[in-house]
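Worksheet for the structure shown next.
The values are calculated or read from the model by the stated rules, or taken from the named source; none is laboratory data. Owing to the predicted nature of the structure, the values given are computational and were not obtained by experimental measurement. Counting neighbours? That spans all protein chains shown, and the Cβs are built from the backbone with ideal geometry, glycine included. Each accessible area value is taken on the protein alone, full model and side chains, heavy atoms only, with ligands, DNA and RNA left out. Shrake-Rupley method; radii C 1.70, N 1.55, O 1.52, S 1.80 Å.
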Amino acid sequence: MNKKTGAVIFPIFVVLSASLFASKHPDTLETLAINYGFDKQAKEMASIFAGYSFPFINNQFLSTLCAGATGLILIYVLYKGINSAVKHFTK
Amino acid sequence: MHIPDGFLNSSLSGGLLAGALGMLGFCLNRVLQTATTFANVPAVNNSNISTVLCANELSNNAGKYFQKLTIAALWVFAFQMFNISIQPVTSAHPIGGVFAAVLAGPSAGFLIISSVLTVQSLFFADGGIFSLGANIFNMAFVGSFLSYYIYKALSGKNHHLAIAAACFFSVLAAAISCLIELSISKTVSFTAAFKDMLSLHLIVVLLETVITLALLKAFKNLAKSKNE
């Protein structure tokens, strides 16, 4: 495995660690919103992996891990798509 | 720091979304120019090079450049998922704007952070869709594009200090920009929340600096390859 392949694959281990050690506390902006009483203004959004959880998986660690892995795949596909489009249009 | 829908008024969200789209077009254009410029160099120097060779070279160079952008985007996404407790009731994650911009250039940095924010907003409900323009402005424009020029101005003197200064600017300026947007939308008073906003993000600065320095050290060779 060369270095670049490793650099593409290794983020899954960061996501794995993030799934294991992720904090359940609100983030900085949410904390500010709670402290200043405007947190209720936030509109809940319907999304397939809302809150970094994978539908149909009840285990929280696995759910976050699958959602994170899906995110990495989405990013990879997006950049592969741009690369393919550039190759196609510059030929 | 991802602003959800409902915190900002519609005119500000719309204006920032339009601005973000314009900036995205500009940065995408610069990134595509960079990808194609590498291959044009031998073509200008040597007119005998066949178009087939140029096309192959273009593909290879563009491929290498996009591989770098892909790596940066994957790492930024992974680290933005890394939410750690910074106070008894608060958590924070790094932005990765300085890492992306130093690794791949300011326009590519903007593009990388914007793409990550878009995926987070569309698929993970992390940041609102109508607030996406504001989030792109705060984290991609201020947190990555502008921060790169802080790094650039100081990198001649000390590389590590330049990264630390850029991270300091990146996180705090993005936080202040977020607070300005909230106060324009009359969600919270700027003067009342200023101190809390800064104190909450000072620990994020430390986290951002440590992770950015570690990642840029790990990707030292990749960072040396040509950018815009």
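Identify, please: which residue in segment B:176-198 is over 20 Å from B:Gly6 (Cα atoms) and more than 10 Å from chain A (Cβ to nearest Cβ) and is, among those, nearest to the chain's Cα centre (by Cα)?
B:Leu198
Identify all residues within segment A:1-33 that are facing chain B (nearest Cβ under 8 Å), over 30 Å from B:Ser199 (Cα atoms) and small (Gly, Ala, Ser); write none if there are none.
Selection gives A:Ala7 alone.
Please find, within segment B:204-221, the residue that is least open to solvent (accessible area, probe 1.4 Å) out of those that are within 9 Å of chain A (Cβ to nearest Cβ) and either under 19 Å from the mean Cα position of the chain (by Cα) or on the phi > 0 side of the Ramachandran plot (or both).
Quick first cut of segment B:204-221, residues within 9 Å of chain A (Cβ to nearest Cβ) only: B:204, B:218-219, B:221.
Filter once more, keeping what is either under 19 Å from the mean Cα position of the chain (by Cα) or on the phi > 0 side of the Ramachandran plot (or both): B:204, B:218-219.
Numbers: B:Val204: 6, B:Ala218: 79, B:Phe219: 24 Å².
By that ranking, first place goes to B:Val204.
Just for segment A:9-25: of the residues that are open to solvent by less than 40 Å² (accessible area, probe 1.4 Å) and at pLDDT 80 or above, which one is nearest to A:Gly68 (Cα to Cα)? Give the derivation first.
If we filter segment A:9-25 for residues that are open to solvent by less than 40 Å² (accessible area, probe 1.4 Å), which is where we start, we get A:11, A:14-15, A:17-19, A:22-23.
With the extra rule that they be at pLDDT 80 or above, the set shrinks to A:11, A:14-15, A:17-19, A:23.
Working: A:Pro11: 10, A:Val14: 10, A:Val15: 6, A:Ser17: 11, A:Ala18: 9, A:Ser19: 8, A:Ser23: 15 Å.
So the residue we want is A:Val15.
Out of all the residues in segment A:78-91, which are within 7 Å of chain B (Cβ to nearest Cβ) and of a type in the set (Ser, Thr, Tyr)?
A:Tyr79, A:Thr90
Quick grid of which residues meet (1) open to solvent by 30 Å² or more (accessible area, probe 1.4 Å); (2) in a loop (DSSP other than H, G, I, E, B); (3) modelled with pLDDT of 90 or more:
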site	(1), (2), (3)
B:Ser11	yes, no, yes
B:Cys27	no, no, yes
B:Phe38	yes, no, no
B:Pro42	yes, no, no
B:Glu57	yes, no, no
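Collect the residues in segment B:159-175 that are open to solvent by less than 10 Å² (accessible area, probe 1.4 Å) and more than 13 Å from the chain's Cα centre (by Cα), keeping them in residue-number order.
The first filter runs over segment B:159-175 and keeps only residues open to solvent by less than 10 Å² (accessible area, probe 1.4 Å), leaving B:162-163, B:166-167, B:170-171, B:174-175.
Within segment B:159-175, B:Ala162, B:Ile163, B:Ala175 qualify.
Kindly list, by first and then second residue, each pair from a residue in segment B:135-163 that is over 29 Å from B:Leu8 (Cα atoms) to a residue that is among the aliphatic types (A, V, I, L, M) and surrounded by fewer than 14 Cβ atoms within 10 Å (Cβ to Cβ), limited to pairs with Cβ atoms under 9 Å and residues at least 6 apart or on different chains.
Sorted first by the residue in segment B:135-163, then by its partner, the pairs are B:Leu154/B:Leu161; B:Ser155/B:Leu161; B:Ala162/B:Ala153.
Looking at segment B:94-114, can you tell me whether even one residue there is in contact with a Gly (Cβ under 6 Å, 6 or more places away or on another chain), closer than 18 Å to B:Gly15 by Cβ and either at pLDDT 95 or above or within 11 Å of another protein chain (Cβ to nearest Cβ) (or both)?
Scanning segment B:94-114, I find no residue that is in contact with a Gly (Cβ under 6 Å, 6 or more places away or on another chain), closer than 18 Å to B:Gly15 by Cβ and either at pLDDT 95 or above or within 11 Å of another protein chain (Cβ to nearest Cβ) (or both), so the answer is no.
Would you tally the residues in segment B:203-228 being among the charged types (D, E, K, R), at pLDDT 90 or above and more than 12 Å from B:Gly96 (Cβ to Cβ)? It would help to see each step written out before you state the result.
The initial filter retains those residues of segment B:203-228 that are among the charged types (D, E, K, R), namely B:208, B:217, B:220, B:224, B:226, B:228.
Of the ones still in play, those that are also at pLDDT 90 or above are B:208, B:217.
Add one more test, that the residue is more than 12 Å from B:Gly96 (Cβ to Cβ), and what stays is B:217.
Residues flagged as among the charged types (D, E, K, R), at pLDDT 90 or above and more than 12 Å from B:Gly96 (Cβ to Cβ) within segment B:203-228 amount to 1.
Being more than 7 Å from chain B (Cβ to nearest Cβ) and β-branched (Val, Ile, Thr) is the filter here, so list the residues in segment A:37-53 that pass it.
Our first condition is that a residue be more than 7 Å from chain B (Cβ to nearest Cβ); within segment A:37-53, this holds for A:37, A:39-40, A:44, A:46, A:53.
Hits for segment A:37-53: nothing passes.
Filter segment B:143-166 for residues that are assigned to a helix (DSSP H, G or I) and of a type in the set (S, T, N, Q) and give the result.
B:Ser144, B:Ser147
Residue by residue through segment A:54-77, note down the ones that are closer than 16 Å to B:Asp126 by Cβ, open to solvent by 30 Å² or more (accessible area, probe 1.4 Å) and facing chain B (nearest Cβ under 9 Å).
Within segment A:54-77, A:Thr70, A:Leu74 qualify.
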